[in-house]
Structures are given as C-alpha cells and as structure tokens.
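Working notes, beginning with the structure itself.
The values are calculated or read from the model by the stated rules, or taken from the named source; none is laboratory data. Predicted, not measured: the structure shown is a model, and the values here were computed from it. Backbone-built Cβ (ideal geometry, glycine too); neighbour counts: all protein chains shown.
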Amino acid sequence: MSESIEIEVAGSAPTPPVSVEIDVSHAPAEAEPTPAQPNKRRSRKRASAEVPVQPNPEPEPSPAPPPPPHPASAWSTQPSEDLFEVELEVRNRAAQAEAPSSSSLGDIAAGLLSLVGENMRRMTEEQVGKVNEMLGGTDLRDYLDPDFWKGIGMVLQYQVQEQVDFIKRRARGEYTIDPYGLDPDIIEIVRPFVSFMYHTWWRVQAQGLENVPAQGRALLVANHSGVLPWDGAMIASAVASEHPLQVGRVVRSLHLHWFTTLPFIAPALAATGQVPGLPENAVRLLENDELVCVFPEGIKGVGKLYKDRYKLARFGRGGFIQVALRTGAPIVPVAVVGAEEIYPMLHNAESIAKMLGFPYFPITPFFPWLGLLGTIPLPTRWNITFCPPISTEEYGPRAADDPLTVLSLAERVRDTIQETINTRLAERTSIF
Amino acid sequence: MRRVLINGVGGVLGARVARRLCEDADVTVIGLSRYEPLAPLGRAEWLVAQLNGLQLVELLEAEQIDTVIQIDFAGTEAPVSSREAAIQQNVIGTMDLLGACLRAGVQQVVVRSHSWVYGASPLNPMMIDERRPVARSGLRGFLRDLAEVEIFMGEFAEQHPDMRVASLRMAPLVGGWSSLIDYFSQPWPRMLIGFDPVIQLLSINDAVEALAHFALNPCSGPYNLAADDAVCISQAIRLCGQLPSPTIESMIVRSKRDVSRDQPQYWPVDVNFMRHTCVVDTHRAKHEMGWAPQYGAADSIIATRQNGQAPPDREASEAALRAFLNRKR
C-alpha cells in the first residue's frame, strides 16, 4: 500500500463504524412460506377426517356427508402450520389406537408429516404449490389409507430431489451474487437460525418501526454492545420481518474492515450482504437509496465491560454524520436494550487479545472457561426502539466539512439514543 | 475518415478489434505486430516488425495516423517466457509508443489496461472508481507492468493536455487465452482456505466492442470496464467445470526456484487477489461513453468452457451460411 493511499485513508476514514453480524434481511420475500392457491380437492377427505375419533379407528372410514366449512382450511395459506396440526392429530389418534402396530405406524406417519412441514417452511411459493398438488387427493389425517403413504412418499421424493438439485446447482457454480458478494442462497440457509434467535431466544420487541422509511435512503445509527455483534443481525431481522408496511427492506450493516482479513469470516460477511465500514462504501450504498446501519461506537461499544453497560462510548469523530450530510440521508437513531447482558464481559484480557490479533478478548463468567459452550449468548429479553428520523437535508452537503455542525449532530444523535435507552431501562422489570 | 493504428494486432484480441473497425467503411486500419497475425484482419493492412521510437514516428507520420490502439502487451496472449523481455515490451514499448504519438501529432491513444491495477486490499472500497490511485506496491508480473504504464500515462497526460490518452482498465478477459481462466480450468485449482473474494470478468466480445468504440470516439483518462455481474472465485472455478481445493498460502505462491513452465500454472497474480476484492465501478464508461457490456461474467465462462464453439443452433448457423454465400465479391 503506497504512502499516498494510506494518508488518504487515514484522513477520510475518521470512524470506521464497526459491526459484524449475520444478516438475513436480503432474501427475496417470496422465500417465506407464502399463500398457495386454495386446495379444493381435499375437501371430501377432510370431511372424512372430521368423523369423531374412535378409540378403535376403522381401517376404512365411511364416506362422510358434504364438508362443512372448516376453519382449519387455512391449510392452503399456512401449509406448514396446518401440517403440524394434522401431525398432532395423527399422533393422538395413534396413541389412542389399541393395536400396537397401528400406533407405531401412526408415529411414523406423524414423524413424516412433521418432516414435510419443516421443509415446507423453507419452500418458495411455486414449490409449495407443487407439494399441494401432490397431496391433492390425500387425506393427511388418515394414515391407514394407502393414498396417504403414496402422497407423502411423492412429496418426500420431491423434496430430496430439490435438495439434490440445489447441491448440484451450487457445485456447478450456477448461482448469482451481487457485486458486493451477497449470496441469496446463503441467506436462505441462515434465515431460520436468525429467526429463532429473534423470536424465541431473545423475544425481541421492536418499537417505532414506522420511523424506518419504506423506501429511499436512510442511515440507522445504533448503540453497539454484546461482545459479538448480534445486535446488527437483530436490527436487520426487525426491519425485514416486522416493518408495518411489510416491505422486507434490506439492511446493509457496515463492519470493521479488519474482519475482511479473517479467513471464513470475510466470505460469510460478504455472502450475507455486510460491507466493510469505509466512508466510500456508506456513501455509495446511500446514494443507491439503500438502508445502511452503522455503529459509531465501534470496537469501544461492542467490547464494553459489564460495569459500563448502557453508557454510550464516544461516537468516533462523526464520520457517519458526514456521510449522512453528503448524501442527504435522514438519520434514524436506534436504541438496543438487552444486548449488553448476553455476554457479561467482566474483564478484557488485552495481552491475549494482542497475541491473537483480536481487538479485545472477553472474560465472562462462562468464557473461556466453558470453551465453545461459553459462546452461547444468555437469553435476555431485548427491546429495539427506532427513534423518529433526524433530517439532514436542510444542512446541505457542504455542512459535511463543517466540524461544528458534524459534532453537534453526532452529539444530538448520541443523546437521543442514550435517553431512549434510559427510558427503556426504567421500564424494564427483568433482564430475562 | 479515420486512420487507426493497432499495435499488437497479431493476437486474438487485436485481430478481432481490426475486423470490428474494418466494418466501418470510414476507417482505415493499419496493424503492427511482433509476429505473423494469428487470425484474419479483415481489410486491414499489417506490418510485422519490432520498431523503435523513431521508426514508429516515421510510420505514424507516413500513414497519417490519428488514433492509436495499444494492446501489445506480453502476458495477455500467451504465458510470459522472460520477465525482462516482458518489461521491455510492456513498459518501455508503451513509453516509446506514447512518445512517438506525441511527435507524430496523433490525436488519441487508447491503451489496454487491467482493472486489477488498483491492487487487492482490505481497505479497497466495495466499488472502486477511477479516482482511486493505482497501486504502487503489492503487484507483480504483468499487473505491475501495467501499473507502471498507468502511472507514466497519468503524468504524460498531465504534461500534454492537447493529446487524448485513455486507458481501458478491463476486468480479466474471458475468451481467447487468459492466465486466470487457464488457472481455473486446470484440475483442482487451489484457493486460499477461508477466503472467497468476488471477482469481475469481461467477455472478449465486450472488450473488442469497447476498444473499437473508445478508439472512434473522443475520450481521455482511465475507464473501468467489467461485466455487470460478478462471481466468487470458487464459483468461477466451478463454472469452469473444476472443483476448488482450499490450501494454505505457501502452496499457492510459486516459489522463486520453481519457474519452469512445465509445472502446472500456479495462481498467476499476487496472492492478495485470492483474499481481498478489487471490484470496479463502471459508471464512468457507461455514462460518459455510452458503453455497456452485453455479456455476463458467468455466461461468458460457460460459453468458453465449450471451447469457444458456437452453440448448436441451426437457425444461427443457417443465417451465418447465407451471409457468407451472399458476401460481396
């Protein structure tokens, strides 16, 4: 690297905003389990399933009267959810059955149904339609009917084929990435995990999402905490899944460019749509009217000690404000509460960090004592508040070169986040 | 009436640019090559010689050339046998040519360059535009020659503002010979374990179009050229029909002793390009020059894998036959 380049970088990169996270928000919206066309052919068999369950089920249930409108016909709009209901029912019936062979058969049937349901959560609309078609004439509650096994067999075969095709397609290199390295296939693979962390592990409560514009550029500025940067993934997840207009907006988080020098982490970050935190990148993304998330505290925030929790560190030198002023992007302050406690960092072992080349090395009650188990974050309850946007347009792009404007705006954003955090902390009764 | 000289017309790219320019009846094309051209040049006339600066001036003046295309670079059409000769040809050859153009009053010079002259670094922005300076270290071989040429051209253009000097920084070409695609196509090409940067490519068809377009229209300064889509290195290898084998760095970099050309080709450029990205922004070429790539990176690799053969398309073959039989006698 030449001298001139280094000088340029040092001069123009006052705050590399720091974050690393798994972001699931870029996947195409149609990958969600989406409504398929209503399945009418199932009605006859469904009616037969409505026959009250007998302690000793008949191998051939008698033909039933015309079907009454059934609320559970949500099957076609929420295929996987409905499949789980059916699975439960099959399991109950199998448990009530007297013949042992019949009960074990029922268990197998229930297991297969749950497998199909699990897989259907990940399918695209087109694939769900195909599965619906295959299961068309089959009553999923009647596992003693040979049609049931035929239908399930066909669906399983189809699913295996899909997986094999997917792997073959990857092996042939037939997939597309964007010039930043974002790979929609990888995001699809990560999505269920991040969704689990969001909904089940941390039970994230998102507020003020209406402050995130449904279109056009905006700069999300958040507090950074929690040793490992999970907060970015959760912010992205909140915007992608809970925005009131359901626009499924992609949040591009900026991470410390140091991460791009790490093996395995660098390609993973790129594939999930993360971008190194250089001002050029932020300006380019905002000029393309994207939603960009920065963490101006950087390493100082994410490597905070437990005793300093919820005290915002210095907001760099206001580089993120300069970016917003240059592009006229509104700033949305974001306050994350709950992430500070996921890894209570008692001590920063700087000598080990220096030896390993890490920015910090956390000592928590569980790490490094429990090894990999110590990296499991505590299941705290989170709250993410999106504050009203601060407009930067009235200052004009020239203001980016005025240190007073930049620093006072940075202070204003920091105060907003700190106040919001304090309010949320006062409202909170328990960290779990 | 334009009179264009192509230096380096002997290779595949040069021949195709010559034929492309000959389609325009207003353009006279003169070719200069170090060896007998490998492919037909259309109605272009050519000369096989290695000229020094003064001889170049004589040629340019006698033929009243107004535009020069410089694509005579060692390492672009075949593997380099001697580093010293390659530097002589690439760096000194281009300096000679630019000096001769100045002396002979040529209006415009278009030089082929490479999009990787910015170097690969973690500090690179995701999309590099032309304002970013060329890397002065961290490059080797052909790329280093080109970076030197670029630096010289920048200074030259500053001192002689009345002459238009443009450099086309093209992503690695797909089609024809290319050290990169060669590397990807060998069995088990090695990759750096844990890294898989994005790379850009450019179809040779788009490169031909760009050279002709930029030569015939006024332009100056650097222009980035690349296909609109990008691929990961592992993806490019898979598209070439191979599987990548992740290895550690010392197994990829060719050691100093091991320069025998019989060995399988190692990674042809600096190993940093296996670790970090060097993705360029083609906005300037598109908006100032109206150039746009017609072929995608992934599609061009797949097309090359079939050995450049035309796809078995009956209608296209029939049309080609009709066009050939009805050609002007």
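Structure above, values below:
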{"quantity": "Residue in the stretch A:223-235 that is within 14 Å of chain B (Cβ to nearest Cβ), within 28 Å of A:Gly328 (Cβ to Cβ) and of a type in the set (A, V, I, L, M) present", "calculated": "no"}
{"quantity": "Failed condition for A:Leu209, given (1) in contact with a Gly (Cβ under 9 Å, 6 or more places away or on another chain); (2) under 30 Å from A:Thr375 (Cβ atoms)", "calculated": "(1)"}
{"quantity": "Filtered residue count, the stretch A:371-400, keeping only those that are assigned to a helix (DSSP H, G or I) and touching a residue at least 60 places away in the same chain (Cβ under 8 Å)", "calculated": "6"}
{"quantity": "Search result, residues across the stretch A:193-209 that are touching a strand residue (DSSP E or B) at 6+ places or on another chain (Cβ under 8 Å) and in a helix (DSSP H, G or I)", "calculated": "A:Leu209"}
{"quantity": "Residue satisfying condition, being in a helix (DSSP H, G or I), within 14 Å of chain A (Cβ to nearest Cβ) and surrounded by 24 or more Cβ atoms within 10 Å (Cβ to Cβ), within set B:Ala236, B:Ala215, B:Ala207", "calculated": "B:Ala236"}
{"quantity": "Residues of the stretch A:210-264 classified as within 18 Å of the chain's Cα centre (by Cα) and in a helix (DSSP H, G or I), total", "calculated": "13"}
{"quantity": "Residue match in the stretch B:146-157 (condition: without any contact (Cβ under 8 Å) to a residue 60 or more places away in the chain and of a type in the set (Asp, Glu))", "calculated": "yes"}
{"quantity": "Residues of the stretch A:417-432 that turn out to be surrounded by fewer than 19 Cβ atoms within 10 Å (Cβ to Cβ) and part of a helix (DSSP H, G or I), as a count", "calculated": "7"}
{"quantity": "The stretch A:249-297: number of residues that are within 13 Å of A:Leu220 (Cβ to Cβ), within 11 Å of chain B (Cβ to nearest Cβ) and among the hydrophobic types (A, V, I, L, M, F, W, C)", "calculated": "3"}
{"quantity": "Condition broken by A:Gly181, with the remaining ones in (1) over 27 Å from B:His283 (Cβ atoms); (2) among the small types (Gly, Ala, Ser); (3) within 14 Å of chain B (Cβ to nearest Cβ) satisfied", "calculated": "(1)"}
{"quantity": "Selection count where residues are of a type outside the set (S, T, N, Q) and under 24 Å from A:Thr260 (Cα atoms), scope the stretch A:344-376", "calculated": "15"}
{"quantity": "Test: residue in the stretch A:146-165 that is surrounded by 15 or more Cβ atoms within 10 Å (Cβ to Cβ), under 30 Å from A:Arg252 (Cα atoms), of a type in the set (S, T, N, Q) and in contact with a helix residue (DSSP H, G or I) (Cβ under 6 Å, 6 or more places away or on another chain)", "calculated": "no"}
{"quantity": "Condition check for A:Ala206: in contact with an Asp or Glu (Cβ under 8 Å, 6 or more places away or on another chain) and more than 30 Å from B:Cys240 (Cβ to Cβ)", "calculated": "yes"}
{"quantity": "Whichever residue in the stretch B:182-202 is more than 13 Å from every other protein chain (Cβ to nearest Cβ) and surrounded by fewer than 24 Cβ atoms within 10 Å (Cβ to Cβ) and, among such residues, is nearest to the chain's Cα centre (by Cα)", "calculated": "B:Asp182"}
{"quantity": "Test: B:Leu168 is buried (at least 24 other Cβ atoms within 10 Å of the Cβ) and at pLDDT 95 or above", "calculated": "yes"}
{"quantity": "Count of the stretch A:280-297 residues which are in a helix (DSSP H, G or I) and either over 16 Å from B:Val279 (Cα atoms) or hydrophobic (A, V, I, L, M, F, W, C) (or both)", "calculated": "5"}
{"quantity": "Options A:Ile152, A:Ile186: the member that is within 14 Å of chain B (Cβ to nearest Cβ) and either under 30 Å from B:His276 (Cβ atoms) or in a helix (DSSP H, G or I) (or both)", "calculated": "A:Ile186"}
{"quantity": "Residue selected from the stretch A:170-203 under the condition without any contact (Cβ under 8 Å) to a residue 24 or more places away in the chain and small (Gly, Ala, Ser), by the criterion surrounded by the fewest Cβ atoms within 10 Å (Cβ to Cβ)", "calculated": "A:Ala171"}
{"quantity": "Which numbered condition B:Gly105 misses (of (1) buried (at least 22 other Cβ atoms within 10 Å of the Cβ); (2) over 18 Å from the mean Cα position of the chain (by Cα))", "calculated": "(1)"}
{"quantity": "Filter result (crowded, with 20+ Cβ neighbours inside 10 Å and assigned to a helix (DSSP H, G or I)) within the stretch B:58-70", "calculated": "B:Leu60"}
{"quantity": "Residues located in the stretch B:102-153, provided they are among the basic types (Lys, Arg), under 29 Å from B:Thr67 (Cβ atoms) and within 14 Å of chain A (Cβ to nearest Cβ)", "calculated": "B:Arg131, B:Arg132, B:Arg144"}
{"quantity": "Filter result for the condition that a residue is closer than 30 Å to A:Thr176 by Cα and touching a Phe, Trp or Tyr at 6+ places or on another chain (Cβ under 7 Å), over A:Val334, A:Val275, A:Val323", "calculated": "A:Val275"}
{"quantity": "Which numbered condition B:Ala285 misses (of (1) modelled with pLDDT of 90 or more; (2) part of a helix (DSSP H, G or I); (3) out of contact with any Leu (no Cβ under 6 Å at 6 or more places or on another chain))", "calculated": "(3)"}
{"quantity": "Condition check for A:Tyr158: of a type in the set (Ser, Thr, Tyr) and either under 18 Å from A:Val239 (Cβ atoms) or not in a helix (DSSP H, G or I) (or both)", "calculated": "no"}
{"quantity": "A:Tyr143 vs. criteria touching a residue at least 40 places away in the same chain (Cβ under 8 Å) and either away from chain B (no Cβ under 14 Å) or closer than 30 Å to A:Tyr343 by Cα (or both)", "calculated": "yes"}
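Conditions (1) exposed (fewer than 14 other Cβ atoms within 10 Å of the Cβ); (2) in a helix (DSSP H, G or I), marked per residue:
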residue	(1), (2)
B:Ala15	no, yes
B:Asp24	yes, no
B:Leu32	no, no
B:Gly42	no, no
B:Leu51	no, no
B:Asp72	no, no
